[in-house]
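Here's the structure we're looking at; comments come further down.
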Amino acid sequence: MSARKNSKTKEPVQLSGEPGTIVAHLGVAVEVAFEDGTRRSVRVKRSSGHVVGDRVEVQDEVLRRLDRNSLIERRDAMGAVRTVAANLDLLCIVVAPRPATTAGFVDRAMVAARAAGMRPVLVVNKCDLPEADEDFDGFLSVFEGHLPILRVSTKLGDGLDPLHALFAEGLRGAFVGVSGVGKSSILNSLCPEAGLIVGAINEQNALGRHTTSVATLHSLPGGGELVDTPGFRDFGPVAISAVDLAHHFCAFDDLLAERCKFGNCLHRSEPGCQVRLALEQGRLSKERHETYLSLLAELEEQEKLNGWR
């Protein structure tokens, strides 16, 4: 089928306006920071698709989005795609001894970062808590060697220098994690002028309270930029195919060096599968493989719904 231009279709608005970056999304408006240091609010439709980190041009209150280098998206529990932020270099996955984060959440966030061409970093907060024990160290150990792990305590002010140094390279990153792990506390420590509200943990269920309601972009004093995002407890993959999933799943990094019998192996039950062999030999935990299978099933279901299969 060939495409034909409709003469009645309006040409896109060509702007050569003032360049800037979206630093907050307020629903029916976005806050834009301009290169001269000024900021102002520009009205947009709720369905505009603009997100924090987008580079834009603004002329006469008309906003045009420029091309994106990267985009981090997630699929929520209802199957809807949620865009987190744009033009990122780093995805900082924040965990803490309390409230607990599942290994599956970290795996999902790492897959999203790798698929988007970003560097994932695991930031471990609240290392001063009694719950930062051997069990918690065991949880962290499964990710060692697959991504940098930075341990911090915003309460004691420990471990922040490596984070400062990371962003001082002029990189832009986002903090993601479940509510209550201390994303806003870390950002306040890195950038005190941000003054983000920090909430307490609900002691009855050990879950965090949502204190960040909108994503915001902050410039750090030592260089670089950081996006603070609302907490969420699910991180379904989006921009990746079922066949490619294994190449972004960190638990398989070493295993895929040994070729499976079939090039399109999905590492489920196929003969000659190196992942299955590692599972049988105890070199891969059942829990990590089940996380992979869960992600695989989600992607396959979405591909069916989208008519890709």
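Where a number appears in this text, it was derived from the coordinates with a stated rule and is not lab data. This structure is a prediction, so every number in the text was calculated from the model and none was measured. Every residue, glycine among them, receives a Cβ derived from its backbone with ideal geometry; neighbour counts consider all protein chains shown.
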**OP:** Return the sequence-ordered ³J(HN,Hα) values of segment 277-285 in whole Hz as given by the Karplus equation 6.51 cos²θ - 1.76 cosθ + 1.60 applied to θ = phi - 60°, using x for Gly and Pro.
**Re:** 4, 4, 5, 5, 8, x, 7, 9, 6
Original post:
Can you give the Kirkwood hydrodynamic radius of segment 71-228 from its Cα pairs, in Å with one decimal?
Top reply: 15.8 Å
Subject >> Estimated inter-spin distance, Thr38 and Asp67, nm [label 7 Å along Cα→Cβ] >> reply: 2.9 nm
Original post:
Amide H to amide H under 5 Å from Glu225: which residues, 5+ apart in sequence or cross-chain, H placed 1.01 Å off N in plane?
Top reply: Leu171, Arg172, Gly173, Leu220
Original post:
Between Leu277 and Glu301, what FRET efficiency follows from the Cβ-Cβ distance if R0 is 35 Å, with the result rounded to 0.05?
Top reply: 0.80
Original post:
Restricting attention to the alpha-carbon atoms of segment 116-159, what are Rg (one decimal) and Dmax (integer), both in Å?
Top reply: 11.7, 36
**OP:** With r as the distance between the Cβ atoms of Arg46 and Glu287 and R0 = 25 Å, compute the FRET efficiency 1/(1 + (r/R0)^6) and round to 0.05.
**Re:** 0.05
Subject >> Prolate/oblate/rounded call for segment 245-305, Cα gyration tensor, a/c under 1.5 rounded >> reply: prolate
**OP:** May I ask you to give the average projected area over all directions of the convex hull of the Cα atoms of the chain, in nm² rounded to one decimal?
**Re:** 19.8 nm²
Original post:
How large is ³J(HN,Hα) for each residue in segment 56-66, as worked out from phi by the Karplus curve 6.51 cos²θ - 1.76 cosθ + 1.60 (θ = phi - 60°), to whole Hz, x for Gly and Pro?
Top reply: 9, 10, 10, 9, 6, 6, 9, 10, 10, 7, 8
Original post:
Label point 7 Å out from Ile149 along Cα-to-Cβ: which residues of segment 254-286 have amide N under 20 Å?
Top reply: 254-255, 283-286
**OP:** Give me the compactness ratio for segment 18-65, meaning the Cα radius of gyration over 2.2 N^0.38 Å.
**Re:** 0.97
Original post:
Taking the simple approach of a point 7 Å from Cα along Cα-to-Cβ for both Ser241 and Leu256, what is their distance in nm?
Top reply: 1.3 nm
Original post:
Which cross-chain or sequence-distant (5 or more) residues have an amide H under 5 Å from the amide H of Asn69, H modelled 1.01 Å from N in plane?
Top reply: Asn87
**OP:** Divide by every residue of the chain the summed helix terms, -39500 (n - 2.57) for each DSSP H run of at least 4, and state the resulting mean residue ellipticity at 222 nm, rounded to the nearest 500 deg cm²/dmol.
**Re:** -6500 deg cm²/dmol
Original post:
For the chain, which DSSP H helices look membrane-span-like by this rule: Cα extent along the axis of 30 Å or more and mean Kyte-Doolittle of at least -1.0?
Top reply: none
Original post:
Within the set Lys155/Lys286; Lys261/Lys286; Lys45/Lys155, which residue pairs have Cα atoms separated by over 30 Å?
Top reply: Lys155/Lys286; Lys45/Lys155
**OP:** Rounded to whole Hz and in sequence order, give me ³J(HN,Hα) for segment 241-248 from the Karplus expression 6.51 cos²θ - 1.76 cosθ + 1.60, θ = phi - 60°, writing x for Gly and Pro.
**Re:** 9, 4, 5, 8, 3, 4, 6, 10
Original post:
By DSSP, what percent of the beta bridges with both residues in the chain are antiparallel, rounded to the nearest 5?
Top reply: 65 percent
**OP:** Provide the FRET efficiency to the nearest 0.05 for the Ser141-Val28 pair, computing r from the beta carbons and using R0 = 41 Å.
**Re:** 0.35
Subject >> When the convex hull of its Cα atoms is projected in every direction, mean area for segment 22-149 (nm²) >> reply: 10.0 nm²
**OP:** Multiply the residue separation of Asn264 and Asp161 by 0.36 nm, subtract the distance between their alpha-carbon atoms, and state the gained length in nm to one decimal.
**Re:** 32.7 nm
Subject >> Ala29 long-range amide H proximity, modeled H, under 5 Å >> reply: Val44
